[in-house]
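*Asks:* Mind looking over this structure? Questions follow.
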């Protein structure tokens with residue numbers, strides 16, 4: 001079983017819809033990261049959080065430490081939000097970077 | 001603000017050839033990483049360097065070597081490329097707060 005599991009693997013939605021991507025993890029963590037990767041592009045960090053909720057524009061990330069679960073929400077989705085969204089965790093005591101989920105491929109249709 | 005710069009962006013090799021992927025960061029980070037990304041596998045750690053002068057194996061180190069030349073630069077070398085090393089390679093550096101900054105990626109094809 002992977003230490004970081006994301007769902008769904010693929011998601012297609014219409015422009016304007018509210019999007020939720022889920023991430024569950026099975027290890028102790030110091031932080032959870034949400035990353036974005038556009039087709040053929042690099043990887044950028046959207047959020048790093050260790051508790052509660054963070055908001056940036058139309059993106060909201062939440063984490064429940066007790067349940068070992070995080071969600072990434074996109075409000076008023078737009079075709080430019082089409083990308084792969086990757087959940088990753090910094091393991092407690094780990095010096096070897098992040099442990100990654102396999103990503104959620106999101107397509108927003110106009 | 002260059003951030004993390006990796007070269008080359010694209011490379012085609014024949015089986016058995018060698019090559020080095022270069023990575024440099026200008027954020028004065030201690031930690032640097034090399035990952036490979038394959039379809040359906042997610043990002044997997046090849047090697048990392050927690051500080052200048054140190055390197056450690058990650059999840060998939062076989063067939064690779066690394067050099068932490070100085071604080072800025074961390075290179076990845078394939079001594080004898082194999083088709084299984086066809087992948088997209090990402091270099092990253094890590095700040096004190098734990099956030100990672102990624103390069104643009106290097107797409108390698110081994111024929």
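*Asks:* Find the relative contact order for the stretch B:1-58 and round it to a whole percent, using C-alpha pairs within less than 8 Å whose residues are 6+ positions apart.
*Replies:* Here the relative contact order equals 25 percent.
*Asks:* Would you please give the FRET efficiency between residue A:78 and residue B:84, computed as 1/(1 + (r/R0)^6) with r the Cβ-Cβ distance and R0 = 45 Å, to the nearest 0.05?
*Replies:* Here the calculated transfer efficiency is 0.70.
*Asks:* Beyond 25 Å, how much of the Cα-Cα pair distribution for the protein assembly as shown remains, as a whole percent?
*Replies:* 40 percent
*Asks:* Is there a simple number for the mean count of other chain Cβ atoms within 10 Å of the Cβ of residues in A:57-70, and what is it?
*Replies:* Per residue, the number of nearby Cβ atoms from other chains is 0 on average.
*Asks:* Determine the shielding of peptide A:8-15 by partner chains: average, over its residues, the number of Cβ atoms on other chains within 10 angstrom of each Cβ.
*Replies:* So the per-residue partner count for this stretch is 0.
*Asks:* Just checking the output field for B:102-110: average partner chain Cβ neighbours within 10 Å of each residue's Cβ?
*Replies:* Mean number of neighbouring Cβ atoms from other chains: 2.
*Asks:* For the residues A:65, A:21, A:86, what sequence is obtained by ranking on other C-beta atoms within 10 Å, fewest first?
*Replies:* A:65, A:21, A:86
*Asks:* So how far apart, in nm, are the two label points at residue B:59 and residue B:5 if each is 7 Å from Cα heading toward Cβ?
*Replies:* 3.0 nm
*Asks:* Can you give the extra length, in nm with one decimal, that the chain gains between residue A:7 and residue A:67 once fully stretched, where that is 0.36 nm per residue apart less the Cα-Cα distance?
*Replies:* Answer, rounded to one decimal: 20.0 nm.
*Asks:* Treating the Cα atoms of chain B as identical point scatterers in vacuum, please give the log10 of the normalised Debye intensity I(q)/I(0) at q = 0.10, 0.18, 0.22 Å⁻¹, two decimals.
*Replies:* The Debye formula, applied to the Cα set alone, gives -0.25, -0.82, -1.21.
*Asks:* Sort A:35-47, B:10-22 for me by packing, meaning the mean count of neighbouring Cβ atoms within 10 Å per residue, highest on top.
*Replies:* A:35-47, B:10-22
Rule-based calculations on the coordinates, nothing more; no lab input. What you see is a predicted model, and the numbers here were worked out from it, not measured in a lab. In this analysis, Cβ positions are derived from the backbone assuming ideal geometry, glycine residues included, and neighbour counts consider all displayed protein chains.
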